[in-house]
1. So, in segment 105-120, exactly how many residues are among the aliphatic types (A, V, I, L, M) and open to solvent by 10 Å² or more (accessible area, probe 1.4 Å)?
2. Given the conditions (1) under 17 Å from Val143 (Cβ atoms); (2) open to solvent by 40 Å² or more (accessible area, probe 1.4 Å); (3) not acidic (Asp, Glu), report the number of the one that Ala74 does not fulfil.
3. For Val329, which of the numbered conditions (1) in a strand (DSSP E or B); (2) open to solvent by less than 10 Å² (accessible area, probe 1.4 Å); (3) among the aliphatic types (A, V, I, L, M) fails to hold?
4. Does Thr535 satisfy the criteria of being under 24 Å from Thr379 (Cα atoms), touching a His at 6+ places or on another chain (Cβ under 8 Å) and in a strand (DSSP E or B)?
5. How many residues are among the β-branched types (Val, Ile, Thr) and farther than 25 Å from Leu558 by Cβ when one looks only at segment 443-474?
6. Between a first residue in segment 328-353 that is under 18 Å from Glu392 (Cα atoms) and touching a residue at least 12 places away in the same chain (Cβ under 8 Å) and a second residue that is open to solvent by 50 Å² or more (accessible area, probe 1.4 Å) and assigned to a strand (DSSP E or B), which pairs have beta carbons less than 9 Å apart while being 6 or more apart in sequence or on different chains?
7. All but one of (1) open to solvent by 60 Å² or more (accessible area, probe 1.4 Å); (2) at pLDDT 90 or above hold for Gln563; state the number of the condition that does not hold.
8. Is there any pair with a first residue in segment 242-262 that is closer than 13 Å to Ala425 by Cα and a second that is small (Gly, Ala, Ser) and not in a helix (DSSP H, G or I) whose Cβ atoms are under 8 Å apart and which are 6 or more apart or on different chains, and what are they?
Amino acid sequence: MDQKIKNEYDRWVKRALDADTAARLQEISTDDSRIEDAFYRDLAFGTGGLRGVIGAGTNRMNIYTVAKASQGLADYICGNFAEKDRSIAVSYDSRIKSDLFAKVACGVFAANGIRSYIYKELMPTPCLSYAVRSLKCAAGIMVTASHNPSKYNGYKVYGADGCQITTEAAALILAEIEKLDLFEDVKQISFEEGIETELVNYIPDSVYDDFTEKVKAESLLSADVEIDKNVSIVYTPLNGTGLKPVLRVLKESGYTNITVVKEQEKPDGNFTTCPYPNPEIREAMALGIEYARKYDADLLLATDPDCDRVGIAVKDKKGEHVLMSGNEVGMLLLDYICTRRIAMGTMPEDPVMIKTIVTIDMAERIARHYGVRTINVLTGFKFIGEQIGLLEQKGREDSYIFGFEESYGYLSGGYVRDKDAVNGAFLVCEMFAYYASRGISLLEKLEELYDTYGYCLNTLHSYEFEGAAGFQKMQDIMEKFRGGISEFAGKKVQQCLDYSKGLDGLPKSDVLKYLLEGNCSVVVRPSGTEPKLKTYISVSAKNRQAASEIEEKICVQLAQLMQ
């Protein structure tokens, strides 16, 4: 074992005296490889903040790494904001230690003279984004690892605009963090002491109430339109934060025939019945589908633990419940929003739809049909939020009508600046009920879109690379891809877009997009939050079978390149 790593481990044994961390250090004491993985680097801090496995060590999520990050953020706030403007909004999800980490952060902010506002109970990511703007805070933090397995937790940082921090802000905060020794340089008082000194405050209920009203205001139903809101809905919050806000919005809007998946109703950081609580993953939806079959539900909704993603399943002609992809739901919502806005006379003069570069290109064709301009941004909803902010600066926030990404993230209004599964669930239910009242299923509507704009298959494939060796392996593979690839599955590469050079006015990002003949594409990028390389395949063809055959061949080639 590297001596530097051994020395840092020994220092933690002497200095990290809380019972939980001491026990975790003892647990790995005889395993050099586990010690190395826990201490070979500091937990990476970037535009997504922190995210990592819960445990002891510099490369783990624990009260020390959280406190150090909070001190760095506090130093950044003190150096860039006037004293009267120094406040931070805080929220947390159902994950293991989320509430503890949130309180530790509040204690650090209080010790630095920064006022914090924290929700009285766990609340979704969009509620945090809303609170930052509503309370005019300098920043916000959301303690969550989103849809990752239960061993993970994280710490997302938001700017005063309600967006996740920019690359520039992340670099400045990281510079402050890197100056610190996590045992020597962190100022900290207890959460309770912060409450007593009024440097820690609970967020007023009115903020949550206002958020709820903003979501409901996104309805696209005019007074002359009648729909049957008695559709049978099964909903699962996947043991996360969505239960109260999603049910409140739906019930207050007239959707009352809702069955909640009992085993996944209450907060549970172990995610016992959905070990990978991501509505993108079929296994996470399995119990919900069982419920949908049992109760003969028309629609299944599932939100991830921090309630910024929503997945759905609907019945096909055979009565079987079919999962729909994020791209499919996004295209349906885009078409519904455009259709209804035109019908209601509320389409702005210069309407804008914003999507990420890995989101289905077919959405641009739908937007163009309705006279809607498309803005493409890098992967990450913060870039969509950033564009909403730019429109707002020009006095044109109303031009924004919809934003989405293939990973089940949707937003139809500028009241928050991150994806919002409360908004997404609400719009999906309204769209579903609107079409159902006219004898049209969402699957039939999707087929209509394919008939109109041409068939397009988009798939995502992830390749895991754990630990220090895995991190280096990912770097090597990206270099291999940059070495030059002339074709995928017999389709010639017409252009390779390397976003590490900052293309199209976008920030530099480690992303490659290969444009292939026949309106096909392949995107390769390292995940910003997990030890994975992600590939996004888009195939246009005459039908699904033809597209699937091409996609399968591309997958085989990608798997070989990942070796």
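The values are calculated or read from the model by the stated rules, or taken from the named source; none is laboratory data. Just so it is clear, the structure is predicted and the values come from calculations on it, not from any experiment. Backbone-built Cβ (ideal geometry, glycine too); neighbour counts: all protein chains shown. Just the protein is used for accessible areas: all its heavy atoms, side chains included, with ligands, DNA and RNA removed. Shrake-Rupley method; radii C 1.70, N 1.55, O 1.52, S 1.80 Å.
1. 1
2. Condition not satisfied by Ala74: (2).
3. (1)
4. yes
5. Residues meeting the conditions: 1.
6. Final answer for the pair search is Asp350/Arg373; Pro351/Arg373; Val352/Arg373; Met353/Arg373.
7. For Gln563, the exception is condition (2).
8. As it stands, the answer is Ser253/Ser219, since those pairs meet every condition given.
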